[in-house]
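A short reminder: the numbers here are calculations on the coordinates, not readings from a lab. The model shown is predicted, which means the values in this text are computed figures rather than measured ones. Glycine gets a Cβ as well: all are built from the backbone with ideal geometry, and neighbour counts include every protein chain shown.
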Amino acid sequence: MNPSTRSTYLRLAPTLGVLTILLGASLLYGLAQSFGYLTIIGESELNLTAYQNLVSGEGTAGREFWVSLAFSLWISLTSTLLSAIGALFLATLLNHRPSRLDTFALNWNLVFPHLVWGVGVLLVFAQSGLLARWAGVLGIIETPAQFPVLVRDRFGIGIIFTYIGKEFPFLTLLILALLRTQSDGYLRIAENLGATRWQRFRLVTLPLVRPALISGSLLVFAYIFGAYEVPALLGVRYPRTLPVLALESFTNPDLHARAEGMAISLIIALIVLLIAGFARAKERTSE
């Protein structure tokens, strides 16, 4: 370790120490409760009942666990895939037509938190929202119930749309920043050799941005998979995402369900950490 790196770690040591203590205490607390250590109801014997209930589909949260897991994967994968595809093509287009206005519009979107963006989606696309009211005024529909259910639907369309609206600009800026640091010599050579626009995109642009695109998409997936606020705002009672199910179990009046809520939270954290670690590994291999 060189002196500058050692000096950086020494300066960060107090902050890292506090964060490690807080994170470690929270992790131990969550592990203990997920293993049935619930002193509030007199349970002090460690067991795997909560995890067994989740796997077998029993208990308060176990009956929904596999459905919620599938629903969370559906929302995370769909949102990430559509955002990545859209970002890839838009970044390629903007790279050939540089404009400060384009990047300003993308950065402007990032200012708003996900919750605020979700509220905006709810106000615009709900059956009592602005679009439904305008459709009624124009005579397209007669009652708000005739407007398509785009939010608070059992397919998670409103949730997916919200995440695409937030993550699509983020990935676009990520890819665009990489493209604008690269020389356009490869593209010119490919063009002089007779490559079509699609061939230049597939054989030159895509390999250049693939590492950043994969790493960024993995981080987006990890965030969406562990996020609570948007699914809680725009989701329905069934199916629910894992974070919503975890909090519901943790706040259940039946305190025995708290162990299952903690177990779900730890499973979410483990999956997110694995994805983040994989993204970091991909980033290192691309350096």
**Study point:** Label point at Thr181 placed 7 Å out along Cα→Cβ; residues across the range 79-99 whose backbone nitrogen lies under 20 Å
**Key:** 87-99
**Study point:** Mean residue ellipticity (222 nm) of the chain, computed from DSSP H runs ≥ 4 via -39,500 (n - 2.57), nearest 500
**Key:** -24000 deg cm²/dmol
Study note, to complete from the structure: Quick P(r) readout (the range 1-136; Cα-Cα; 10 Å bins; whole %) gives 9, 15, 20, 26, 21, 8, 1
**Study point:** About the Cα centre, charge dipole magnitude for the chain (Lys/Arg +1, Asp/Glu -1 at Cβ), debye
**Key:** 1120
Exercise for review: Please work out how much length the chain gains when fully extended from Ala269 to Tyr9, using 0.36 nm per residue of separation minus the C-alpha to C-alpha distance, in nm with one decimal.
Suggested key: 91.0 nm
Review point. Under a GNM of the chain (C-alpha, springs under 10 Å), which listed residue has the highest mean-square fluctuation: Glu229, Glu64, Glu191?
Key: Glu191
Practice item. Would you give the gap between the C-alpha center of the range 1-78 and the C-alpha center of the range 157-230, rounded to a whole Å? Key: 32
Check your understanding: If the range 146-263 were replaced by its equivalent ellipsoid, with semi-axes equal to the square roots of 5 times the Cα gyration tensor eigenvalues, what would those be, largest first, whole Å?
Key -> 43, 17, 10
Review point. So which helices of the chain fit the span-like rule, where a helix is a whole DSSP H run, its Cα atoms reach 15 Å or more along the axis, and its mean Kyte-Doolittle is at least 0.5?
Key: 3-34, 59-96, 114-125, 157-179, 206-226, 258-286
Check your understanding: Which value in Å does the Kirkwood hydrodynamic radius of the chain take, with 1/r averaged over all unlike C-alpha pairs and then inverted?
Key -> 22.2
Check your understanding: Which residue, chosen from Thr162, Leu247, Val137, occupies the Cα position most advanced towards the positive end of the dipole of the range 50-286, where the dipole is computed from +1 (Lys, Arg) and -1 (Asp, Glu) charges on Cβ about the Cα centre?
Key -> Thr162
Review point. Taking the Cα-to-Cβ direction at Leu23 and at Phe104 and moving 7 Å from each Cα, how far apart do the two end points lie in nm?
Key: 3.9
Review point. Which length gain, in nm to one decimal place, applies between Thr143 and Leu208 when the Cα-Cα distance is subtracted from 0.36 nm times their residue separation?
Key: 18.3 nm
Practice item. Based on alpha-carbon positions alone, could you give the equivalent ellipsoid semi-axes of the range 76-141 from the gyration tensor, as √(5λ), descending, whole Å? Key: 29, 16, 14
Point to revise | Proximal charge balance of Leu234 [Cβ under 13 Å; K/R count +1, D/E count -1] | key: +3
Practice item. Choose one answer from Pro14, Pro113, Pro169: the residue with the largest mean-square fluctuation in a GNM of the chain with alpha-carbon springs under 10 Å. Key: Pro14
**Study point:** Dipole axis of the chain (+1 Lys, Arg; -1 Asp, Glu on Cβ), positive-most option in Trp117, Gly261, Leu31
**Key:** Trp117
